[in-house]
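A.B. asks: Before I ask anything, let me first share the structure, which is written out below as C-alpha cells.
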Amino acid sequence: MRHLMSPLDFSVEELDKLLALADDIEKHPAKYAHACDGKILATCFYEPSTRTRLSFESAMLRLGGQVLGFSEAGSSSAAKGESVSDTIRVISCYADICAIRHPKEGAPLVGSTKSLIPVINAGDGGHQHPTQTLTDLLTIKQKKGRLDNLTVGLCGDLKFGRTVHSLISALVRYKNVKFVLISPEELKVPSYIKEEVLDANGIEYKEVEKLEDAMADLDILYMTRIQKERFFNEEEYLRMKGFYILDPKKMALAKDDMIVMHPLPRVNEISVAVDDDPRANYFEQAQYGVYVRMALILTLLEVQV
Ligand code: NCD
C-alpha cells in the first residue's frame, strides 16, 4: 500500500506514467467512468478548501466511485479532542482511500502511519501540497509540451506557500530548469529549501523583489496568494497584501508563449483584466486538477483499466 505525502514519493518515471494516464483520461473519459465502481473516497479537511476537496470528489465520482467526509474540523470528532491518527484509522474502516488536509505540518503523515488505506496529503500547513504539484506538472506538460528547459518564476508568498515548496522539489528533477524567486524580503523561500533542494541539486536560481525585473526571462509565471492564515499578526499581512499585482502592463513585458499559472484562490495578485489574455492558464489548471486526481486515485488503488 502506498501513500502520497510529497511529490518525491513518485519517481520521475512514475510521474510520467501518471501524467500520461491523466492525458488519456482527459481524451477518453468514458473508458474510466466505472473504473472505481464500489470504491469510496474519504475527504478529511481540517482547513478550508474549494478546488482540492471538490476536485477530489469530482474525480472519484467521475470514476464511478462514491465520496464521504468532512470539510471542517469542527464537524468532526477533532472538536472532541480525537487525534488525527485515530480519526484516519477509523476512516480506513469506512473508505478505500483518503485525502486529508490539515493546518499542522506533518499531520497527514502521522495519519498515514496507522491507516489501512492509501492516504493522500491534500495540503499540510506551510509545508507541502503534492496533488497541486501533480496538477501543475500536468498543466506545464500540456501547455509547454515539456518539463525540462524551463525558466520558472515563482511570485508572492514563497515562505508560507506550500504549493511553491512542492513544485520546486518536483521540478528540480528535470533537466535545465531555472528559477526566478520573486518575493518581498519577508516572504522569501525558506532556507531549508534553498539548501536542501536548490543548492543540493546544483540548480540555478536568483531572488528578485520586482516582478518587472523578471518578466522578460520567464517561460512560466507561477503567481501565489499571500497566505493570510499563516501570518502571526494581521498588521504584517496587511503590509504584504497587494505587494504584487499582475496586470496587462506587466504582461506586456513577457514572452508571447509564457504561461501564467496560479493554484488559486486568487485574492488581488492577478488583475481580472489578465483573465482574457491567452497566456492566462489558471482556470484550465483547475480543470487539469480533476484529471490528475483521477489518475492518482487509479494509481494508488492499483486499478487497471
Ligand atoms: C492552495 C493551497 O491550499 O495551498 N490552494 C489550492 O489547493 N489550490 C493555494 C492557496 O491556498 O493559496
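A.B. asks: Those residues that are in a loop (DSSP other than H, G, I, E, B), within 16 Å of the ligand (Cβ to nearest atom) and open to solvent by 70 Å² or more (accessible area, probe 1.4 Å), I need them from the range 222-244; list them, please.
C.D. replies: Residues satisfying the conditions are Lys241, Phe243.
A.B. asks: A follow-up question, please. Filtering the range 149-161 down to residues that are of a type outside the set (A, V, I, L, M, F, W, C) and open to solvent by 20 Å² or more (accessible area, probe 1.4 Å), which residue is farthest from the ligand (Cβ to nearest atom)?
C.D. replies: Only one residue fits best here, namely Asn149.
A.B. asks: Within the range 168-187, how many residues turn out to be without any contact (Cβ under 8 Å) to a residue 60 or more places away in the chain and within 16 Å of the ligand (Cβ to nearest atom)?
C.D. replies: 3
A.B. asks: Just checking, how many residues over the range 52-70 are within 13 Å of the ligand (Cβ to nearest atom), surrounded by fewer than 18 Cβ atoms within 10 Å (Cβ to Cβ) and in contact (Cβ under 8 Å) with a residue 24 or more places away in the chain?
C.D. replies: 0
A.B. asks: I'd like the full set of residues that are part of a loop (DSSP other than H, G, I, E, B), within 15 Å of the ligand (Cβ to nearest atom) and open to solvent by 20 Å² or more (accessible area, probe 1.4 Å), limited to the range 245-289.
C.D. replies: Within the range 245-289, Leu264, Pro265, Arg266, Val267, Asn268 qualify.
A.B. asks: Quick check on Ile203: is it over 18 Å from the mean Cα position of the chain (by Cα) and either of a type outside the set (Asp, Glu) or open to solvent by 20 Å² or more (accessible area, probe 1.4 Å) (or both)?
C.D. replies: It is true that Ile203 is over 18 Å from the mean Cα position of the chain (by Cα) and either of a type outside the set (Asp, Glu) or open to solvent by 20 Å² or more (accessible area, probe 1.4 Å) (or both).
A.B. asks: Among Ile120, Ile100, which is the only one that is without any contact (Cβ under 8 Å) to a residue 60 or more places away in the chain and open to solvent by less than 10 Å² (accessible area, probe 1.4 Å)?
C.D. replies: Going through Ile120, Ile100 in turn, the sole match is Ile100.
A.B. asks: Right, another one. Test Tyr46 against the stated conditions and say whether it is surrounded by 14 or more Cβ atoms within 10 Å (Cβ to Cβ) and over 22 Å from Tyr291 (Cα atoms).
C.D. replies: It is true that Tyr46 is surrounded by 14 or more Cβ atoms within 10 Å (Cβ to Cβ) and over 22 Å from Tyr291 (Cα atoms).
A.B. asks: Here is a further query. Would you mention how many residues in the range 220-260 are more than 22 Å from the chain's Cα centre (by Cα) and not charged (D, E, K, R)?
C.D. replies: Count: 12.
A.B. asks: Outside the structural domain of Val172 (by TED's automatic domain parsing), open to solvent by 70 Å² or more (accessible area, probe 1.4 Å), touching a residue at least 12 places away in the same chain (Cβ under 8 Å) and in contact with a helix residue (DSSP H, G or I) (Cβ under 7 Å, 6 or more places away or on another chain), is that true of Val305?
C.D. replies: Yes: the conditions hold for Val305.
The values are calculated or read from the model by the stated rules, or taken from the named source; none is laboratory data. Note that the structure is a prediction, hence the values are computed from the model and not measured. Neighbour counts run over all protein chains shown; Cβ positions are idealised from the backbone, glycine included. Ligands, DNA and RNA are excluded from the accessible area calculation, which covers all protein heavy atoms including side chains. Shrake-Rupley method; radii C 1.70, N 1.55, O 1.52, S 1.80 Å.
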